[in-house]
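Here is the structure we will look at.
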Amino acid sequence: MKKFKARLFGMLLCLAIAFGMLPVQADTISDNFVTREQAVVSILNTVGYGALDQTENNLSTFADAASVTAQYTDEIGIAVTNGIMAGSGTTLDPQRNVTRLEFAMFLSRSIRELPDLTESQIFSDVPASAAGDVNRLVRAGLFCGYGNGLFGSNDHLTKDQLSAVMDRVRNLKNTDLKDDFYYSINYEWLNNTKLPAGYPGFGSFEEVSLSNDAKIKEIANEIYKNKDTYKKGTIEQKIADFYSTVLDMENRNKQGIEPIKKYLDKFDEVKTAQELLNYAAEFENMTGYNPLFTFSPSGDLLDSNKYTLYGQGLTTGLNSAYLLSGDPQVKTLYEGFIAQMLMASGIGQEDAVAQAQNVYAFETLLAENTLSNEDASKIENLYNPVTKDELAKSFTNVDLRKYMSDLGYGAVENLIITDVKLMAKTGELLCDENIDVLKTYVRTKLITNTASLLSKELQDAITGFNAVFLGLSSTMSDEDIAFNLLNSVMSGYLGRVYVEKYFSPEAKADVENMVDEIIETYKKRIGRLDWMGDNTKAAAIKKLDSMTIKIGYPDKWEDPYENIEMKSYKDGGSLIGNIFAITSAQAQHTKTLLDKPVDKSAWLMPPQMVNAYYNALNNEIVFPAGILQPPFYDEKASREQNLGGIGAIIAHEITHAFDHNGAQFDGKGNMNNWWTQEDYQTFQQKTKSVAELYEGLEIAPNAIVNGNLTLSENVADIGGVACVLEIMKEIPNADYKAFFESNGRIWRYTATPKMYQLLAQQDTHAPYKLRSNMVIRNFQEFYDTYNIQPEDKMYLPPEKRVSVW
């Protein structure tokens, strides 16, 4: 998972602890607090004096001038001259503990220009006269409140807090790569890049995606322009007629809620929990979508050549971390959105508000029984085999066997539960006593998940909620929303044309050679590991030898919509009708998979996507054509630059085969222990060190890195760079600067504060800045290339550096 007005000085650079603290009594004396004098001196030494009038005030007008520490007389004099520090009557009070509000005023007056990186906030304990100064700092990402509407104006500033804010100030102006490599090499981009409309986050990946989108848009528009010329059933006809229903807002507005009204009414008619399940199954069989809960086949972790059935239970509309945060703003926003959706579906305002509160409470209960994001990031927590009879015991008030049979899974006797506690709670909640809230929950899910396919009013409600939730100052245009939907639904068709027109065989061959070289290097590195025994090394190398490589696009193009008819409005179709035709056909196809072997030639991403992945069940790495272009890969770039870009990404994906999740799978893609006990214990200690290295780092106010949540990606980042640096050693007169700077540029990224907070809670990747700065600090080549010394902020003591692979 956000539009800035000024230069993007500090958004990525607020690397300090959030300003949460216990209230402090007004006159408490402690070495932990900061005096007014210390605060001013620290500010001036950090901000600098260049923009200040350096005429010194002799301070003689203050009765307590003698209490100013002699060595700070000049600094305090300059602060008084420039209006940064003022006394109270005839006294300056230099040795009194400074409050948070006083400090904010000092700082705001010391910095003439600050970027607007986020929205202002209203603090009930900040007087109107100081609100402007406080909010300058808030908007620049330098300060935040307690999250409860309070700034803590009268609380004393601690030394830790002073240090945190000064780090943030330094990061606003810092361009020294020895102190912040990422910010230094991306300075121009970070300071000049504004978030495109509708984007809560934007970086190199999004930048290339926009470029790809422009190319695909041109293809799609050409097809659409000739929409009346295509033979029925051709790829072009399906693209054109589907796109026409997306763009035809006039007919979408005319229909409004009507396309789903019959379904809403039918759900509303049910009287019991069993009737609700009966119709949920019927609805899924008609449309391919289930707003209650369902089951789905996927590869079996223990035998990746076959499919098995998975189930999770009732899910929440918001990530559980938000529902459990206790944030009143989240509650107000989400309840308001639910009420808006319910009113759009025909519920009166008073009832909608009351029902929204009930749904929020219901989803909060689900959240309390849902795996945390951290626990869900561990693959072993998601594989819990049960028999159908065992599962049915949790569903004492409804007939689960009938429900599974109605869904087409009557013959299934064994399945996997991905969230045991949530599924048990689901069984408990599916009872007649809860029928009213269950019906409202389903109604909310159905209208919310189809709103963007209906009228502009409903589409705007979705984009409006997302804008507020993610801190956007502007939303995406209707044209871009329409194209994104087309590119998502018709990605396979459009990807074919994209590859034919824009992806060269030479690029594919070059990257394939690079992959082969990196795998061979990885094998050599494993062979030299001093912490792993020979048997485990042999198994790891065997896994690498078994790894499948997919570059650019599939060898065989599938036609996922071969038997699906796309209709324009003039031919009696509709946007949601076309979507349901697709999802219904896909659902029916998916239900046949339990009787078939897994097709390991299938791709999980379309070729135009700017991304890459490792699939543990296939033991494969996949690099779509979309990512094989600058700044990641350039046929004209130096070898060092490409190694720092796509080379590091290739090695990153390979390392996923050996992160804390991938390490549990063998070369055939099965969850199977190939480790000796001693080696695996050592491996766990090493990955624990990686988690500890990242744990607690602040990426923005109130956005703190979870080292365990991001562990798999951090292991892959560090392991990937380690591998390609090995190749760098073999290049005569290798240009390490080109390597490191290429690597740093692929991670450039900016986002709204709310997006950073969302990513910190949910994303298994570390913040992009850390994917550059924290990774390279572990390698001596970086220190040697840039002469990094212990006094430099980029310096990480050798004993803290980590290495797994």
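Points to keep in mind about this one:
- Residues H156, H656, H765, H589, sorted so that the one with the fewest Cβ neighbours within 10 Å comes first: H589, H765, H656, H156
- Summing charges over all other residues whose Cβ lies under 14 Å from the Cβ of A321, with Lys and Arg as +1 and Asp and Glu as -1, gives -4.
- Annotation: amide H-H contacts under 5 Å for N414 (H modelled 1.01 Å from N, sequence separation of 5 or more, or interchain): K388.
- Comparing L391, F483, A361 along the charge dipole axis of the range 358-486, the residue lying farthest to the positive side is L391, per the Cβ-charge model.
- Computed from backbone phi, the HN-Hα couplings of the range 714-728 come to 5, 4, 5, 4, 5, x, x, 5, 4, 5, 6, 5, 4, 5, 4 Hz, rounded to whole numbers (Karplus: 6.51 cos²θ - 1.76 cosθ + 1.60, θ = phi - 60°; Gly and Pro given as x).
- Exposure proxy ranking, count of Cβ atoms within 10 Å, fewest first, for E506, E698: E506, E698
- The spacing between the range 402-480 and the range 716-755, judged by their C-alpha centroids, is 40 Å.
- Under-5 Å amide H pairs with K306, H placed in peptide plane, nonlocal only: D300, V598
- Among Y146, A273, F295 - extreme Cα towards positive end, dipole of the chain, charges at beta-carbon: F295
- Cα-Cα separations in the range 257-453 greater than 31 Å, expressed as whole percent: 18
- Shape of the range 689-805 from the C-alpha gyration tensor: prolate (a/c of 1.5 or more and a/b above b/c, with a ≥ b ≥ c the square roots of its eigenvalues).
- Rounded if a/c under 1.5, otherwise prolate or oblate - the range 144-226, Cα gyration tensor axes: oblate
- Low-density loop positions, trypsin sites (Lys or Arg not before Pro), the range 576-681 - DSSP coil, at most 10 other Cβ in 10 Å: K636
- The trypsin sites (Lys or Arg not before Pro) found in the range 288-393 that occupy coil by DSSP, while having at most 13 further C-beta atoms within 10 Å, are K393.
- Taken one residue at a time, the phi angles of the range 660-677 give Karplus couplings (6.51, -1.76, 1.60, θ = phi - 60°) of 5, 8, x, 5, 8, 10, 8, x, 8, x, 9, 5, 7, 6, 10, 9, 7, 4 Hz. Gly and Pro are set to x.
- The range 455-518: trypsin sites (Lys or Arg not before Pro) falling in loop per DSSP and having at most 11 other Cβ within 10 Å: none
- Of the beta bridges in the chain, as assigned by DSSP with both residues counted there, near 75 percent are antiparallel.
- As a proxy for reagent exposure, ranking C723, C431 by other Cβ atoms within 10 Å from fewest up yields C431, C723.
- Using only side-chain charges placed at the Cβ, +1 for Lys and Arg and -1 for Asp and Glu, the dipole size of the chain relative to its Cα centre rounds to 840 debye.
- For the residue pairs K556/K591; K238/K591; K729/K769; K194/K225; K567/K596; K421/K688, the alpha carbons lie more than 28 Å apart in K194/K225; K567/K596.
- Proximal charge balance of F103 [Cβ under 14 Å; K/R count +1, D/E count -1]: +1
- Within the set (i) 1.01; (ii) 1.31; (iii) 0.99, the number that Rg/Rh (Cα atoms, Kirkwood Rh) takes when calculated for this structure is listed as (iii).
- Rounded to the nearest 20 debye, dipole of the range 257-453 from Cβ charges on Lys, Arg, Asp, Glu: 240
- Packing around the peptides 553-559, 334-340, 207-213, taken as the average count of other Cβ atoms within 10 Å per residue, puts them in this order, highest first: 334-340, 207-213, 553-559.
- For E558 and E512, a Förster radius of 25 Å and the Cβ-Cβ distance give a FRET efficiency of 0.70, rounded to the nearest 0.05.
- Alpha carbon centroid spacing (whole Å) that separates the range 154-201 from the range 595-623: 37
- Three-way shape call for the range 359-438 based on the alpha-carbon gyration tensor, with the a/c threshold at 1.5: oblate
- Each Cα pair under 8 Å and six or more residues apart adds its sequence gap; the mean of these over the residue count of the range 257-453 is a relative contact order of 31 percent.
- Rounded to 5, percent antiparallel among DSSP beta bridges of the range 257-453: 80
Here, each number is a calculation from the coordinates, and none is a lab measurement. Note that the structure is predicted; figures quoted are calculated from it, not measured. Cβ coordinates were reconstructed from backbone atoms using ideal geometry, including for glycine residues, and neighbour counts include every protein chain displayed.
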